[in-house]
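Participant: This structure is in structure tokens; I'll ask about it shortly.
The values are calculated or read from the model by the stated rules, or taken from the named source; none is laboratory data. Just so it is clear, the model here is predicted, and its values are computed rather than measured. As a convention, Cβ positions derive from the backbone with ideal geometry for all residues, glycine included, and neighbour counts pool all protein chains shown. Just the protein is used for accessible areas: all its heavy atoms, side chains included, with ligands, DNA and RNA removed. Shrake-Rupley method; radii C 1.70, N 1.55, O 1.52, S 1.80 Å.
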Number of protein chains: 2
Amino acid sequence: MDRIPILKMGEFLLVTIQVDMHDRLAIQLQEDLTDKIAVTRARGVLIDISSLEIVDSFIGRMLGNIAGMSKVLGADTVVTGMQPSVAITLVELGLSLKGVRTALNVERGMALLRSSIEDDDVAIETEEYGGPGDQV
Amino acid sequence: MDRIPILKMGEFLLVTIQVDMHDRLAIQLQEDLTDKIAVTRARGVLIDISSLEIVDSFIGRMLGNIAGMSKVLGADTVVTGMQPSVAITLVELGLSLKGVRTALNVERGMALLRSSIEDDDVAIETEEYGGPGDQV
């Protein structure tokens with residue numbers, strides 16, 4: 001298996017990580033995901049890590065990178081399904097998943113993405129119609 | 001990795017198969033899935049096989065078993081994302097995925113499940129209110 005499948009669900013993309021990540025696979029995933037965001041114009045990315053029993057600094061950095069790249073392309077990222085033991089270890093080791101939002105499961109992750117998209121849309125509308133630009 | 005994650009999305013369950021299946025993993029998946037259907041009262045199961053490059057008789061039988069078990073528990077099963085080359089091989093080898101419905105991708109699979117659930121609900125309503133039972 002040389003790549004992780006990316007599923008389109010409405011305006012979101014869903015990735016479930018089930019295999020041990022290594023350098024090449026992580027780079028492949030980043031490429032596939034950014035391509036797919038561009039092609040599908042996705043507004044959000046959900047990364048489910050419920051089957052990962054260990055999240056080390058490599059995985060943490062990869063998740064951070066994906067979130068950063070997606071953000072530049074206009075998509076928010078939420079990491080879902082983290083096992084309680086993983087959460088404990090992360091905090092104990094002082095590994096903060098910088099710039100990465102998390103949710104308990106995919107359903108809550110989707111709700112989080114939907115609410116942040118709505119906020120963005122409101123902000124854009126305000127800027128377009130109610131901003132200082134109209135007061136000239 | 002000793003089990004395949006099952007994600008709940010509304011009234012459906014989603015399984016993406018990314019790793020090579022073997023006996024123990026297949027049995028584990030069947031157990032986990034039937035448990036989850038019972039707990040979540042899911043109405044449908046989506047199995048994405050877009051990262052499988054080979055679907056042999058073992059996988060075919062497993063998909064058929066899962067569909068059969070889910071049906072007994074009141075959930076329809078749709079297999080999604082089959083690669084074109086896999087479809088060609090299946091037909092050439094004469095392997096028919098008996099009792100398994102397929103869809104091009106997860107989105108279409110969800111639409112298929114939704115429409116079949118609606119049909120079922122209509123059938124149940126007709127039975128309850130308009131069936132011969134009322135005419136006693």
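Participant: Quick one: in region A:114-132, which of the residues that are within 17 Å of residue A:73 (Cα to Cα) and modelled with pLDDT under 85 is nearest to the chain's Cα centre (by Cα)?
Facilitator: So, considering only residues that are within 17 Å of residue A:73 (Cα to Cα) and modelled with pLDDT under 85, the one nearest to the chain's Cα centre (by Cα) is A:120.
Participant: Can you name the residue in region A:8-25 that is within 14 Å of the chain's Cα centre (by Cα) and closer than 20 Å to residue A:100 by Cα and, of all such residues, is most open to solvent (accessible area, probe 1.4 Å)?
Facilitator: Only one residue tops the list, namely A:11.
Participant: Identify all residues within region B:19-72 that are part of a loop (DSSP other than H, G, I, E, B) and of a type outside the set (Gly, Ala, Ser); write none if there are none.
Facilitator: Across region B:19-72, the qualifying residues are B:19, B:20, B:21, B:22, B:41, B:43, B:49, B:52, B:53, B:54, B:55, B:56.
Participant: Could you grab the pairs with beta carbons closer than 7 Å, sequence gap of 6+ or different chains, first residue in region A:1-16 and more than 7 Å from chain B (Cβ to nearest Cβ) and over 16 Å from residue A:66 (Cα atoms), second one open to solvent by 20 Å² or more (accessible area, probe 1.4 Å) and part of a loop (DSSP other than H, G, I, E, B)?
Facilitator: Here the result reads A:11/A:43, each pair linking region A:1-16 to a residue that is open to solvent by 20 Å² or more (accessible area, probe 1.4 Å) and part of a loop (DSSP other than H, G, I, E, B).
Participant: Being assigned to a helix (DSSP H, G or I) and β-branched (Val, Ile, Thr) is the filter; apply it to region B:94-127 and report the residue that is nearest to the other protein chains (Cβ to nearest Cβ).
Facilitator: Among those that are assigned to a helix (DSSP H, G or I) and β-branched (Val, Ile, Thr), it is B:106.
Participant: Something else now. With the structure loaded, tell me whether residue A:8 is over 23 Å from residue B:9 (Cβ atoms) and among the charged types (D, E, K, R) or whether it fails that test.
Facilitator: When the stated conditions are applied, residue A:8 does not pass them.
Participant: Could you grab the pairs with beta carbons closer than 9 Å, sequence gap of 6+ or different chains, first residue in region B:35-52 and within 11 Å of another protein chain (Cβ to nearest Cβ), second one aromatic (Phe, Trp, Tyr) and open to solvent by less than 40 Å² (accessible area, probe 1.4 Å)?
Facilitator: Within 9 Å, the pairs are B:46/B:12.
Participant: Okay, next question. So in region B:26-72, with the set limited to residues that are closer than 21 Å to residue A:2 by Cα and within 10 Å of the chain's Cα centre (by Cα), which one is surrounded by the fewest Cβ atoms within 10 Å (Cβ to Cβ)?
Facilitator: B:48
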